[in-house]
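Peer 1: Handing you this structure, nothing more for now.
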Amino acid sequence: MASVKKNVIFNYGGQLYSTLIGILVLPLFLEHVGAEAYGLIGFYTLVQAWMSLVDLGMTPTIGREVARLRTKPSESARLVGIVNSLEVVFVIIAGIVAFSMVVCREWLSANWLTVEVLDLATVETAVAIIGITVAVRWASSLNRSGINAFESQVWLNIFEVVINTLRFPVALLLVIWLDGDVLAYFYFQLAVVGIEFLILRRKLRGLLPVVQASRFSWPELKRIAPFAISIGYTTAIWVLLTQLDKLVLSKTLTLSEYGYFTLVATVSSGVMMLSGPVSKAILPRMTALLAEGKKDEMIQLYRKSTRLIVILVMPIAITIACLPYSVLFAWTGNAEAARWGEQILPLFILGAAILAVVAFQYYLQYVYGNLKYHVRYNTFSVLANVPLIIFLAVEYGPIGVAWLWLGFRALSLLVWVPFIHSRFAPGLNRVWFLKDVLTPLMLVFGVVFVGMVVIENVEQASRSLQFLALAIMCTCATLLPAAWVFRSVFRRSRVS
């Protein structure tokens, strides 16, 4: 069985590379294609996020089915039949989405996006390519989820590094070579996702047992439907809660302003992505531990992973929240973009960091295969938040939705997480919150506070010095608390 530690290391290596390469390269796209074309790239990211609505919970469901059945030779034909059946569904849905975007390209370009400089024909072509690209990339998620559940995560992360190298730095070189041609960027992205789909599909097929299985099994789809629908429903709510503001703002802001907002959203999503490698590694193992009756071991893995997330996410989030202008200016070199985003970035980044911690209660429900509480709370969340998001986005713009984003994440941490712990792990919440969340968080706050005192008036420094100061502060805020929180692990390492 693959090592959880090895998978976490490679997951973080792959995720860190993918996140950093995107964060480092994206401002250069802004420089070479301009703010308005960069807004189109932001719209591409938005459409990718909204593709989750058509997933209907199938991607996480296939991951759970693979993790559950892969060790049972008697279930091999059943496992392959499930993968075959879901692949048929994925291909049909992807085709419908791509066709719809191509048909609606003129309306979206003229009536939704606020275009001021770009040629409308260019925007229409970009929208059509975006539709096809996101559909193909979403279809790849079935194969990616299956490979991950087989715990073939070392290979997957190496492959993702190659793909993301093509998607970001190689695409940037192409755009520079072609003098900022934004359509070249989108055509290249389409070619990359096509290659990605073919290789991922071949890899998953190589991992699956070689058995005779049905090409399409309606009974198997019916069997997994309740779990898939539960996740699909909550995923749809998740998209509404996290992407509705971006959708509304893509209508109310000019394409140039939306390009600046995309920078803020990119930083925030980068923080949330830091929790992805841990969840990818622990969910199959937590599910297996619980199935084997090792609940205490599962809870210990849950707690250790929480501390790891706090130590990795909070230093970055708190540093950014304290010095938002310096972060944006050091990153982009664009003073206008930095001033535009400095008020909303702290709110979005802190909300994203809290969300990375709040997500653990979902992991607990997932491994038990019981998502009824998750469905209920998210139903309440969407009913309460959607009208507020629309109102605040229209009336107050990005700052309004930023305050709502942070406030609701904090409420979830203080109210909802304790409730879920009381249902699935009674007695856990107090020790989890005090020792696994609050203690490392206070240590991080302390280090950042000292750093703020030491580097007073950092905004007046040069761009390179601002970047250096931020890097040193963030590194210290990660390493010093980590040394204290995981000191027992270091002691055991020295003894052995």
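The values are calculated or read from the model by the stated rules, or taken from the named source; none is laboratory data. Keep in mind that this is a model prediction, so the values were computed, not measured. Neighbour counts run over all protein chains shown; Cβ positions are idealised from the backbone, glycine included. Protein only, heavy atoms only, side chains kept; ligands, DNA and RNA dropped before computing areas. Shrake-Rupley method; radii C 1.70, N 1.55, O 1.52, S 1.80 Å.
Peer 1: Below 8 Å between Cα atoms, with a sequence gap of 6+, how large is the relative contact order for segment 160-314 in percent?
Peer 2: Value for segment 160-314: 13 percent.
Peer 1: Shifting gears a bit: Can you tell me which of 381-387, 139-145 comes out highest on packing, and rank the rest after it, using the mean Cβ neighbours within 10 Å?
Peer 2: The densest-packed peptide leads the list: 139-145, 381-387.
Peer 1: Would you work out which of LEU183, GLY369, MET442 lies farthest towards the positive end of the dipole of the chain? Charges go on Cβ: Lys and Arg +1, Asp and Glu -1.
Peer 2: Going by the Cα projections, it comes out as GLY369.
Peer 1: May I pose another question? At 1.4 Å probe size, with no ligands or nucleic acids counted, give the accessible surface of ASP296 in Å², nearest ten.
Peer 2: About 120 Å², rounded to the nearest 10.
Peer 1: Treating only the Cβ atoms of Lys and Arg (+1) and Asp and Glu (-1) as charged, compute the dipole magnitude of the chain about its Cα centre; round to the nearest 20 debye.
Peer 2: 2740
Peer 1: Rolling a 1.4 angstrom probe over the protein chains, ignoring ligands and nucleic acids, what is the accessible area of LYS280 in square angstrom, nearest 10?
Peer 2: 60
Peer 1: Residue separation times 0.36 nm, minus the C-alpha to C-alpha distance between LEU480 and VAL375: what's the value?
Peer 2: Answer, rounded to one decimal: 33.9 nm.
Peer 1: What part of the accessible area of the chain, given as a whole %, is carbon or sulfur when the probe is 1.4 angstrom?
Peer 2: Whole-percent figure for carbon plus sulfur exposure: 67.
Peer 1: Mind checking the full-extension length gain between GLU456 and VAL431? Use 0.36 nm per residue of separation minus the Cα-Cα distance, one decimal, nm.
Peer 2: Result for the pair: 5.4 nm of gain on full extension.
Peer 1: From the Cα gyration tensor of segment 278-374, with a ≥ b ≥ c the square roots of its eigenvalues, which class applies: rounded if a/c is under 1.5, or else prolate if a/b is larger than b/c, or else oblate? Mind dumping the intermediate values first?
Peer 2: On the way: a/c = 3.90, a/b = 2.88, b/c = 1.35.
In terms of gyration-tensor shape, prolate.
Peer 1: Counting only heavy atoms of the protein chains, get the accessible area per residue of segment 26-68 (1.4 Å probe) and round it to a whole Å² value.
Peer 2: Working: 1180 Å² over 43 residues.
Using a 1.4 Å probe on heavy atoms only, each residue of segment 26-68 averages 27 Å².
Peer 1: Now a separate question. What's the percent breakdown of Cα-Cα distances in segment 239-306 across 10 Å bins, shortest bin first?
Peer 2: Going from the shortest bin to the longest, the percentages are 18, 31, 19, 19, 11, 2.
Peer 1: Let me ask you something else. About the Cα centre of segment 361-496, what is the dipole size in debye to 20, counting +1 per Lys and Arg Cβ and -1 per Asp and Glu Cβ, all else neutral?
Peer 2: Result for segment 361-496 is approximately 780 debye, rounded to the nearest 20.
Peer 1: Also: Out of all Cα-Cα pairs in segment 381-452, roughly what percent, to the nearest whole number, are more than 16 Å apart?
Peer 2: 64
Peer 1: Then there is this: At a probe size of 1.4 Å, how large is the accessible area of TRP484, to the nearest 10 Å²?
Peer 2: 130
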